[in-house]
Amino acid sequence: MAQPGPVSGRIAAQNRRARFDYFIDETLEAGIMLVGTEVKSLRAGKASINESYAGEQNGALYLVNAYIPEYQLAGQYYQHEPKRPRKLLVHKREMNRLMGAIKREGVTIVPLSIYFNARGIAKVELGVARGKKKVDKRASEKERDWQRDKARVMRSRGKDAD
């Protein structure tokens, strides 16, 4: 049985600010084309996708500006370019729907995480996102602070009852 979503122990890179900076309307899983040293570097957990996005190039969907550092244990000849665009593998119908949404509605596609599935294959979790304004960011920060304070109060009440 396959588990839905990324497996928490196998996450290679995560974009933590994406949910703070954007409203995520929907998420989808895509494959990613990598070379051998990129896979080894991802397994070491050294990648960064904080400033990356997905866009169309030559009729295909590419992950742009994702940083996967060179794998130090490989020789000079076998290295890859750290910030090269990487092709994302999605069904044609999905790609057409995403490209239409980008052009029509002014949304963007941001990677939320890169992880390895149960079979050991690298996958990218993409989010179809709309940008937040400063007011929205303040509101989400206020809500997060309230949830933290509420949990703190509930924990202290639980200790007093014992």
Which condition number does PHE23 fail, the rest of (1) open to solvent by less than 70 Å² (accessible area, probe 1.4 Å); (2) touching a strand residue (DSSP E or B) at 6+ places or on another chain (Cβ under 9 Å); (3) farther than 12 Å from VAL124 by Cα being met? (1)
Does segment 91-101 hold any residues that are surrounded by fewer than 16 Cβ atoms within 10 Å (Cβ to Cβ) and either in contact with a helix residue (DSSP H, G or I) (Cβ under 8 Å, 6 or more places away or on another chain) or of a type in the set (A, V, I, L, M) (or both), and which are they? MET99
The listed residue being touching a residue at least 12 places away in the same chain (Cβ under 8 Å), in a strand (DSSP E or B) and either in contact with an Asp or Glu (Cβ under 6 Å, 6 or more places away or on another chain) or surrounded by fewer than 16 Cβ atoms within 10 Å (Cβ to Cβ) (or both), out of LEU126, LEU112, LEU73, LEU88: LEU112
Hey, does segment 27-34 have a residue that's over 14 Å from VAL124 (Cβ atoms) and either open to solvent by 40 Å² or more (accessible area, probe 1.4 Å) or part of a strand (DSSP E or B) (or both)? no
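The values are calculated or read from the model by the stated rules, or taken from the named source; none is laboratory data. The model shown is predicted, which means the values in this text are computed figures rather than measured ones. Cβ coordinates were reconstructed from backbone atoms using ideal geometry, including for glycine residues, and neighbour counts include every protein chain displayed. These area figures cover heavy atoms from the full protein model, side chains too; ligands, DNA and RNA do not enter into them. Shrake-Rupley method; radii C 1.70, N 1.55, O 1.52, S 1.80 Å.
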